[in-house]
Amino acid sequence: PRVCVVGSGPAGFYTAQHILKHHGGAQVDIYEKLPVPFGLVRFGVAPDHPEVKNVINTFTQTARSERCAYYGNVTVGRDVTVAELRQAYHAVVLSYGAEDNRVLGIPGENLSGVYSAREFVGWYNGLPENRDLKPDLSCETALILGHGNVALDIARILLSPLSLLRKTDITDGSLAALACSKVKRVWLVGRRGPLQVAFTIKELREMINLPGARPVLNPADFTGLENAVKDAPRPRKRLTELMIKTALEKPGEKTLEAQAAAPREWGLKFQRSPQEVLPTADGRRARGIRMALTRLEGSGDSAKAVATGDVEELECGLVLSSIGYRSLPLDPAVPFDTQRGIIPNSSGRVEGVPGLYCSGWVKRGPTGVIITTMNDSFDTAQSVLEDLQVGALDVSTSREGFGAVESILRSRGVRPISFSDWEKIDAAEVARGKAAGKPREKIVDPQEMLRLIGH
């Protein structure tokens, strides 16, 4: 059987890995719109979290298997349609992730100084489409809307000592911009309360221990929470206890001295919902944000934030909205639920389109960490294997796979990039990084990548 996977992030690679491992004859081709593979492992994971990127080693093993091929620089839906892929393969798996962000839908959202977390992360991680972002870091106070791990990542990058960032694979351009940054205070704002934050304890602890930055948590936000969290699941309980301890603990003398010397600070604000980004007098830039104060109805994860009628204004010259990523429809031939931002499916089988599957964020929505995506992708791969086993996928007719796609791409003037091409780019990045004392210096311009491999 010939299987095609669209997208080379964790979802795509884990789906391919599982099929290759459990079917001794399957051939898997992975298509990727960028020249370079690995999706959010390369472009989403924070530069100061190198250990999370170790999965790249496993993905590389998969890509080097003789029954697997990688074709970069191919945009499915434009260079080749899903219908054409379905003609060429016995099964097609869509694993292309979430390449857009949710919008706030408030006045002032488009002012200069307002960015989505997605583009900001893409900027410091070298995502080609965000390489020219040039965020304005000339203000003292930044405000991040959202209480997830991405929000904490951004706060940490904004406040980290340069000496730490210089040792990471953060891009050269963003390192230079951060070196001139005036930002010294970061507020992370959420619509709900401390019991509903979406970040995890590891990320919070890292933020609390960040050198040169002190946490500012309002004790009033945390009083009485010990009881509320008594019977909560252990991760939620430990996370809340850490926030309570940080908010209520009287620091010792040593800590006091360190905090007094800390030039930067960050804090969490709760039960506030953004109403409007306020413009400067000339109407061009953000100077602050007006927020509706909310109260919670219900409890736990299902609690809803309802406006109380009171508002509050906060001064900030930089607003980053970290309220979630969003998948986009790829091709008119594929059903898409715009409300939920996913391809309607059951265990990864796309509804009403036999032989078409999906995995990862486009399958279940943009949540979870790499391990969540791994399990999710194995689940989809299992559906493909079952359908092969029971004959739901007809393998009696041979399919040409890349042979057929290659002639389509050639007729449209598209030249794919192979995995060994990527390994040349990879080697060049690592060599440039070594010269600067970094693990790698990412190339951010796709044209430069293509020139490098003589494409």
>> Go through (1) crowded, with 16+ Cβ neighbours inside 10 Å; (2) of a type in the set (A, V, I, L, M, F, W, C); (3) not assigned by the TED database to the domain that holds R364 for V311 and report which single condition fails.
In response: (1)
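Yes/no per residue for (1) free of Cβ contacts under 8 Å to residues at least 40 places away in the same chain; (2) out of contact with any helix residue (DSSP H, G or I) (no Cβ under 8 Å at 6 or more places or on another chain); (3) not in a helix (DSSP H, G or I):
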residue: N375; (1), (2), (3): yes, yes, no
residue: D394; (1), (2), (3): no, yes, yes
residue: A404; (1), (2), (3): no, no, no
residue: I408; (1), (2), (3): no, no, no
residue: R415; (1), (2), (3): no, no, yes
residue: G454; (1), (2), (3): yes, yes, yes
> In this structure, does K245 turn out to be without any contact (Cβ under 8 Å) to a residue 24 or more places away in the chain, over 27 Å from V311 (Cα atoms), assigned to a helix (DSSP H, G or I) and under 22 Å from the mean Cα position of the chain (by Cα)?
Replying inline: no
> What pairs can you find where one residue is in segment 360-373 and farther than 16 Å from I343 by Cα, the other is surrounded by 14 or more Cβ atoms within 10 Å (Cβ to Cβ) and among the aromatic types (F, W, Y), and their Cβ atoms are less than 9 Å apart, with a gap of 6+ or different chains?
Replying inline: G368/W361; I370/Y14
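Between L320, L328, L296, L268, which is surrounded by 14 or more Cβ atoms within 10 Å (Cβ to Cβ) and in a loop (DSSP other than H, G, I, E, B)?
Numbers: L320 fails: in a loop (DSSP other than H, G, I, E, B); L296 fails: in a loop (DSSP other than H, G, I, E, B); L268 fails: in a loop (DSSP other than H, G, I, E, B).
Selected residue: L328, the only one of L320, L328, L296, L268 that is surrounded by 14 or more Cβ atoms within 10 Å (Cβ to Cβ) and in a loop (DSSP other than H, G, I, E, B).
Would you call L40 within 27 Å of D100 (Cα to Cα), touching a residue at least 60 places away in the same chain (Cβ under 8 Å) and touching a helix residue (DSSP H, G or I) at 6+ places or on another chain (Cβ under 9 Å)?
Numbers: within 27 Å of D100 (Cα to Cα): yes; touching a residue at least 60 places away in the same chain (Cβ under 8 Å): no; touching a helix residue (DSSP H, G or I) at 6+ places or on another chain (Cβ under 9 Å): yes.
It is false that L40 is within 27 Å of D100 (Cα to Cα), touching a residue at least 60 places away in the same chain (Cβ under 8 Å) and touching a helix residue (DSSP H, G or I) at 6+ places or on another chain (Cβ under 9 Å).
Conditions (1) modelled with pLDDT under 95; (2) open to solvent by less than 70 Å² (accessible area, probe 1.4 Å); (3) out of contact with any Pro (no Cβ under 8 Å at 6 or more places or on another chain), marked per residue:
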| position | (1), (2), (3) |
| --- | --- |
| I201 | no, yes, no |
| M207 | no, yes, no |
| F222 | yes, yes, no |
| N227 | yes, no, yes |
| K230 | yes, no, yes |
| R234 | yes, no, yes |
| L239 | no, yes, yes |
>> Tell me the residue from V28, V3, V41 that is of a type in the set (A, V, I, L, M, F, W, C) and closer than 21 Å to R131 by Cβ, please.
In response: V41
> Do the conditions hold for V430, that is, is it of a type in the set (A, V, I, L, M), at negative phi, surrounded by 12 or more Cβ atoms within 10 Å (Cβ to Cβ) and assigned by the TED database to the domain that holds P366?
Replying inline: no
> Being open to solvent by less than 30 Å² (accessible area, probe 1.4 Å), assigned by the TED database to the domain that holds A213 and under 24 Å from V189 (Cα atoms), is that true of even one residue in segment 161-171?
Replying inline: no
> Which is hydrophobic (A, V, I, L, M, F, W, C), in contact with a Phe, Trp or Tyr (Cβ under 8 Å, 6 or more places away or on another chain) and modelled with pLDDT of 95 or more, of F38, F43?
Replying inline: F38
> If E423 passes every condition in (1) closer than 21 Å to N73 by Cα; (2) without any contact (Cβ under 8 Å) to a residue 12 or more places away in the chain; (3) assigned by the TED database to the domain that holds T81 but one, which one does it miss?
Replying inline: (3)
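The values are calculated or read from the model by the stated rules, or taken from the named source; none is laboratory data. Keep in mind the model is a prediction, meaning the values are calculated, not measured. Every residue, glycine as well, gets a Cβ built from its backbone with ideal geometry; the counts of neighbours run over all protein chains shown. Side chains included, ligands, DNA and RNA excluded: accessible areas come from the protein's heavy atoms. Shrake-Rupley method; radii C 1.70, N 1.55, O 1.52, S 1.80 Å.
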